[in-house]
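Below you'll find the structure, written out as structure tokens, and then a few comments.
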Amino acid sequence: MEKFVINGGKPLSGSVRISGAKNAAVAILPAVLLADGPCVIENLPQILDVSTLLSSLSALGADVKIINKTTARIDPAHADSFIVTKEMAQGMRASSYFLGALLGRCKRARVAPPGGCDFGVRPIDQHIKGFEALGTRVTIENGMVDARAASLSGASIYLDVVSVGATMNIMLAAVKAKGLTVIENAAREPHIVDLANFLNSMGANIMGAGTGVIKIRGVEHLHGTQYSIIPDQIEAGTYMVAAAATGGDVTVENVTPKHLESIIAKLIETGAQIEEFDEAVRVRMSSRPKRCNVKTMPHPGFPTDMQPQIATLLSVAEGTSIVTEGVWDNRFRYVEQLTLMGASIQVDGKSAIITGVEKLKPAPVRAVDLRAGAAMIIAGLMAKGETVVEEISHIDRGYELLTEKLSALGADIKRVNDYGTPQAKLA
Ligand code: EPZ
């Protein structure tokens with residue numbers, strides 16, 4: 001078991017380059033199965049979820065070639081299997097995208113139920129509602145989600161909750177269905193737009209991605225393509241908060257500032273100085289953060305995937321802040337860890353009441369999920385002394401070369417194994 005050892009208390013400074021977006025990549029890779037020819041996908045983040053998906057595509061029969069660290073060429077021509085086992089899915093939430101992609105490809109899919117971070121119940125009823133509206137029969141057999149359709153026909157689908165996963169999965173299943181599919185109350189996240197742009201670059205006809213109503217006119221064939229994934233909004237936001245939390249001065253490069261508007265707005269409320277450039281954002285903080293309230297919401301609201309990180313910054317703010325989770329039932333499991341470091345936080349249902357303390361203290365803590373892990377790293381960078389973060393495999397699922405990027409900003413962070421031996425980098 002590996003862990004991060006952080007010697008905190010130093011302001012971050014310099015520049016950091018943001019990788020491709022995890023939550024776009026994990027939908028685009030399964031979507032390759034819809035193409036008739038090879039696809040070259042660029043700007044893939046070097047993270048565990050991407051390696052897992054590339055292995056799953058190989059196991060389905062696709063020809064996967066790694067061109068360089070961030071580019072893969074995938075030819076799905078001989079992907080003859082429609083079964084994604086539990087071992088292939090490895091507890092990933094994104095394995096559910098194989099349902100939509102395989103339905104679109106061969107009208108048949110059998111996929112292990114999706115896993116992912118534990119935020120309480122994570123249903124897929126809206127995905128299934130969409131598949132059924134398109135003409136699919138969905139059953140659970142031997143613990144697997146089984147979906148089959150004689151043919152797929154366009155339909156009008158209203159989502160009862162704004163769901164990223166259901167919006168993406170319905171797009172995947174509908175893109176080659178007969179006729180017009182309309183998704184109402186669709187999610188509007190940047191990765192929804194990226195998936196639509198990717199599919200359109202293969203010859204799909206998708207309109208309205210990024211708005212609440214997406215229209216998909218089915219086409220018979222999708223051809224291979226070359227496509228570069230957008231920068232990761234959440235990785236960028238994490239470094240921006242880390243810069244502010246350590247009283248640093250960091251330029252976060254290779255970003256789309258428009259995707260960062262809600263994060264920038266909240267950082268400004270805490271007293272950070274922000275400069276926006278075409279593809280970069282500079283974050284400086286020269287005083288103790290000011291309190292502010294944050295409520296997470298679907299895009300363009302403040303992203304739930306930044307909630308633990310901003311709460312960590314607010315844990316040392318002057319005054320009391322209220323952070324309200326508006327997307328997930330239970331996304332405060334990290335609070336217990338943060339209180340081990342001296343934070344004063346009361347969770348009351350979907351809100352966390354944070355009374356700012358002057359400083360966090362180093363402590364041994366756990367990454368209870370991916371973004372909770374990012375929050376522990378930020379807390380470790382803030383606290384003067386040695387913080388050890390355990391269970392870091394969650395963090396490896398979503399952050400590329402974290403120790404390298406943070407070290408280049410002046411942080412003292414090492415990845416060590418159980419015997420205390422430093423590990424250069426994630427294989
Ligand atoms: C995606 O999860 C992301 N994961 C999550 O990021 C992110 O937190 C979430 O969207 C919201 O932005 C990936 O993209 C792989 P949802 P997803 O369907 O698609 C309810 C990270 O840290 N719901 O938008 O699973 C659900 O319970 C990860 O990178 C239903 O009720 O989220 C939740 O309350 C963690 N029925 C809300 O909708 C459904 O069928 C939003 O979920 C589907 C969802």
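Out of everything in the stretch 73-82 that is hydrophobic (A, V, I, L, M, F, W, C) and touching a residue at least 40 places away in the same chain (Cβ under 8 Å), what residue ends up being surrounded by the fewest Cβ atoms within 10 Å (Cβ to Cβ)? Of everything passing the filter in the stretch 73-82, 77 is surrounded by the fewest Cβ atoms within 10 Å (Cβ to Cβ). Residue 206 falls short on exactly one of the conditions (1) more than 16 Å from the ligand (Cβ to nearest atom); (2) closer than 24 Å to residue 231 by Cα; (3) surrounded by fewer than 17 Cβ atoms within 10 Å (Cβ to Cβ), and that condition is (3).
Do the conditions hold for residue 215, that is, is it under 20 Å from residue 131 (Cβ atoms), in a strand (DSSP E or B), in contact (Cβ under 8 Å) with a residue 12 or more places away in the chain and open to solvent by 20 Å² or more (accessible area, probe 1.4 Å)? Walk me through it before giving the result.
Numbers: under 20 Å from residue 131 (Cβ atoms): yes; in a strand (DSSP E or B): yes; in contact (Cβ under 8 Å) with a residue 12 or more places away in the chain: yes; open to solvent by 20 Å² or more (accessible area, probe 1.4 Å): yes.
Judged against the criteria, residue 215 is a match.
Screening the candidates 61, 37 for the property of being within 18 Å of residue 201 (Cα to Cα), over 14 Å from the mean Cα position of the chain (by Cα), in a loop (DSSP other than H, G, I, E, B) and not polar (S, T, N, Q) yields one hit, 37.
The single condition from (1) more than 12 Å from the ligand (Cβ to nearest atom); (2) modelled with pLDDT of 95 or more; (3) not hydrophobic (A, V, I, L, M, F, W, C) that residue 167 fails is (1). A Cβ distance below 8 Å, combined with a sequence gap of six or more or placement on separate chains, defines the contacts here; from the stretch 108-135, residues that are aromatic (Phe, Trp, Tyr) reach residues that are within 11 Å of the ligand (Cβ to nearest atom) in the pairs 119/328; 119/329; 119/330; 119/331; 119/369; 131/169; 131/170. For residue 12, the conditions (1) open to solvent by less than 10 Å² (accessible area, probe 1.4 Å); (2) not assigned by TED's automatic domain parsing to the domain that holds residue 399 all hold with the exception of (2). Taking the criterion of being among the hydroxyl-bearing types (Ser, Thr, Tyr) and part of a strand (DSSP E or B), would at least one residue in the stretch 414-422 satisfy it? No, the stretch 414-422 has no match at all. Does residue 173 count as more than 21 Å from the chain's Cα centre (by Cα) and either open to solvent by 10 Å² or more (accessible area, probe 1.4 Å) or more than 28 Å from residue 334 (Cβ to Cβ) (or both)? Judged against the criteria, residue 173 is a match. Would you list the strands (runs of 3 or more DSSP E) that sit entirely within the stretch 255-346 and hold 1 or more residues that are open to solvent by less than 10 Å² (accessible area, probe 1.4 Å)? Of the strands (runs of 3 or more DSSP E) lying wholly inside the stretch 255-346, those with at least 1 residues that are open to solvent by less than 10 Å² (accessible area, probe 1.4 Å) span 280-284, 320-324. All of (1) open to solvent by less than 30 Å² (accessible area, probe 1.4 Å); (2) of a type in the set (Asp, Glu); (3) within 15 Å of the ligand (Cβ to nearest atom) hold for residue 146 with one exception: (3). Filtered by the rule that a residue be within 7 Å of the ligand (Cβ to nearest atom) and part of a loop (DSSP other than H, G, I, E, B), the stretch 120-138 gives 121, 122, 123, 124. Sort out which residues of the stretch 101-119 are more than 12 Å from the ligand (Cβ to nearest atom) and buried (at least 19 other Cβ atoms within 10 Å of the Cβ), and write them in order of number. 101, 102, 103, 104, 105, 107, 109, 110, 111, 112 - these are the residues of the stretch 101-119 that are more than 12 Å from the ligand (Cβ to nearest atom) and buried (at least 19 other Cβ atoms within 10 Å of the Cβ).
The values are calculated or read from the model by the stated rules, or taken from the named source; none is laboratory data. Every value quoted in this text rests on a predicted model; they were computed, and no experiment measured them. Every residue, glycine as well, gets a Cβ built from its backbone with ideal geometry; the counts of neighbours run over all protein chains shown. Heads up: the accessible areas ignore ligands, DNA and RNA and are worked out on the full protein's heavy atoms, side chains in. Shrake-Rupley method; radii C 1.70, N 1.55, O 1.52, S 1.80 Å.
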